[in-house]
Every structure is written in structure tokens, then in C-alpha cells.
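Scroll down for the structure; my scribbles are underneath it.
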Amino acid sequence: MEAMKYLVLAVHDATPAYLKNLKEISGWFDRNSLQPRCIKVIPNFLGRWSILDSQEFLDWLYEEKEKGSEIIQHGYIHYQPNREAKGLDTIRRKLLTKDEAEFIGLDYQQARKAIAKGKEILEKAGFEPLGFTSPTWQQSKPTIKAIKDCGFRYYTTLSGLWPCQSRRRLFSVAMGFQGVNLTLEIINAAGNRVMQKTGLSCSPLARLVIHPPFISGQRLIIKSLRASLKLSKRRKLVTYNQYLDLAEDE
């Protein structure tokens, strides 16, 4: 008997700044019965968009939770403070991460302070996040320790799901619409197709991510949404926390 295979749908960059697009994405998922999903919330986007200051956003987030969505902490401000960058790091910051790799280069105290501030905001809003994802999936080694010490059950990277209480990694490369720039999205879309036709077919967990910026009129994001519908026909939809429960029962 073939083993069950699973799919996580993750909506990144959930912030009041992108609420219109977030509602458009969740509405599309609802119309196609794609539940549950993971909502990755930026507690205080750019230091100007605290989720506590937008009741409309919180109402949408409460509705998502009622539908079975998992609320995940996605950094704190989702912005990399101005730090000296040279050579390839400058190119990476401007082209690949758009200065959004908030936890690159942080020491332990800096990382823990930012993570704790974000978690406090989410808890004040009535959520208890079990998962953490650094913006752009990148962080320093001290940040990983800070994530664990702040009481999270797991964190995610581009290549997989990491339980905090073990060294086991549940490998699964994230696919989907990254929201960086058109050239990189085209390259990423080609990689997605390769993944779907090769390694993805044998992986027990598939991950498809959607970033809300620039959703309107984007042909590539529509392809990602359609890919989620196609994948859901062959896999059971779960949240990260649910998948961890299943993996631990094996």
C-alpha cells in the first residue's frame, strides 16, 4: 500500500499592509476548498504595521484560525537593519532578499530580543505560534538557538522543516511564488516544474508558498495557485504542526 503524501500551503508576509491581497489569496483557496493552510504573520512589518493596530486584519486572521489555519510567526519587522555589506553580500541583499533577511548576521541577544517582541505581539492578539520562519528563510546560527529558547516547536527553512527538540530534519524544498522580482520568479517557476516532475513525486511532504505582494495580474502567481489545486488532488492538506504530529507517530 502506497504511503500517504502531504501538502502544506503557506501564505507568507501576512501583514495589514497586504490585507487586500491576502484576502484575495484566501478567497481563492476557499472557493477551491483548499484547507487548512499556514499563515506566516509579520508582527510589526517595517516597524510601522503592528497587527495590533488593525482590527480588520485581526478579524481576517481570526477567521483563518477558525477555518483550521495555523498561525506562524514570520520574523518581527521583516527588514534587515542597515549593516555594512560588501561584495556578494551587497548583491544578495539588493537582488535576492530586497533587504528583508532580518536575522542574517544577528548575535544571540539581538535575535532573541526581536523574536520575543514579535511573539509578545502575537500573544497579545490571542495567538500562540508553535512555528517560526525567518524572512527569506535565512538566519544566523545564534538565531536558531534563540528560536529554540523562545519556546517554538519548530522552524522552517527553504529546504525543510526542523523540529526544535531534535536534530531531525524533514526535508522538503519550498516551491511557489516568492514575490522578489520577475526575472527570479521566471527562474523559480522553471525550478518548480523540475521539482514537480522529479524529486517532489517521491517526497512525503510537498510545500507550496505564496507571497502576497504584487498578486494582482501576476501570471506566475496564478500558476502557483493552480499548482496548489493540482497537488491537492494527490496529497492530503495539512499544517506544519499537524505534519509534525504525524511524523512523530511514525
Exercise for the section: Starting from the stretch 196-209, keep only residues that are among the basic types (Lys, Arg) and assigned to a helix (DSSP H, G or I), then list their pairs with residues that are surrounded by fewer than 17 Cβ atoms within 10 Å (Cβ to Cβ) and at pLDDT 70 or above whose Cβ atoms are within a distance under 8 Å, requiring at least 6 positions of separation or different chains. Expected result: none
Practice task
Scan Leu58, Leu7, Leu34 and give me the residue that is in a helix (DSSP H, G or I) and open to solvent by less than 20 Å² (accessible area, probe 1.4 Å).
Solution key: Leu58
Problem - Test: Phe171 is touching a residue at least 60 places away in the same chain (Cβ under 8 Å) and not charged (D, E, K, R) - result: no
Handout entry: Of all residues in the stretch 95-114 being of a type in the set (Asp, Glu) and on the phi < 0 side of the Ramachandran plot, the one that is modelled with the lowest pLDDT
Key = Glu100
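The rows are residues; the columns are (1) among the hydrophobic types (A, V, I, L, M, F, W, C); (2) at pLDDT 95 or above; (3) touching a strand residue (DSSP E or B) at 6+ places or on another chain (Cβ under 8 Å); (4) open to solvent by 70 Å² or more (accessible area, probe 1.4 Å).
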position: Ile71; (1), (2), (3), (4): yes, yes, yes, no
position: Gly87; (1), (2), (3), (4): no, no, no, no
position: Arg93; (1), (2), (3), (4): no, no, no, no
position: Ala116; (1), (2), (3), (4): yes, yes, no, no
Exercise for the section: Would you check if there is a residue in the stretch 77-85 being modelled with pLDDT of 95 or more and open to solvent by less than 50 Å² (accessible area, probe 1.4 Å)? Expected result: yes
Handout entry: Complete set of residues in the stretch 135-157 that are modelled with pLDDT under 95 and either under 19 Å from Asn241 (Cβ atoms) or of a type in the set (Phe, Trp, Tyr) (or both)
Key = Trp137, Thr157
Exercise for the section: Only one of these is modelled with pLDDT under 90, among the aliphatic types (A, V, I, L, M) and buried (at least 22 other Cβ atoms within 10 Å of the Cβ): Met195, Met175. Name it. Expected result: Met175
Practice task
Could you list all residues from the stretch 104-114 that are in contact with a helix residue (DSSP H, G or I) (Cβ under 8 Å, 6 or more places away or on another chain), charged (D, E, K, R) and either open to solvent by 80 Å² or more (accessible area, probe 1.4 Å) or part of a helix (DSSP H, G or I) (or both)?
Solution key: Arg112
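The values are calculated or read from the model by the stated rules, or taken from the named source; none is laboratory data. Quick caveat: nothing in here was measured; it's all calculated off a predicted structure. No Cβ is skipped: glycine too gets one built from the backbone with ideal geometry, and neighbour counts run over all protein chains shown. The area values use the complete protein model at the heavy-atom level, side chains included, leaving out ligands, DNA and RNA. Shrake-Rupley method; radii C 1.70, N 1.55, O 1.52, S 1.80 Å.
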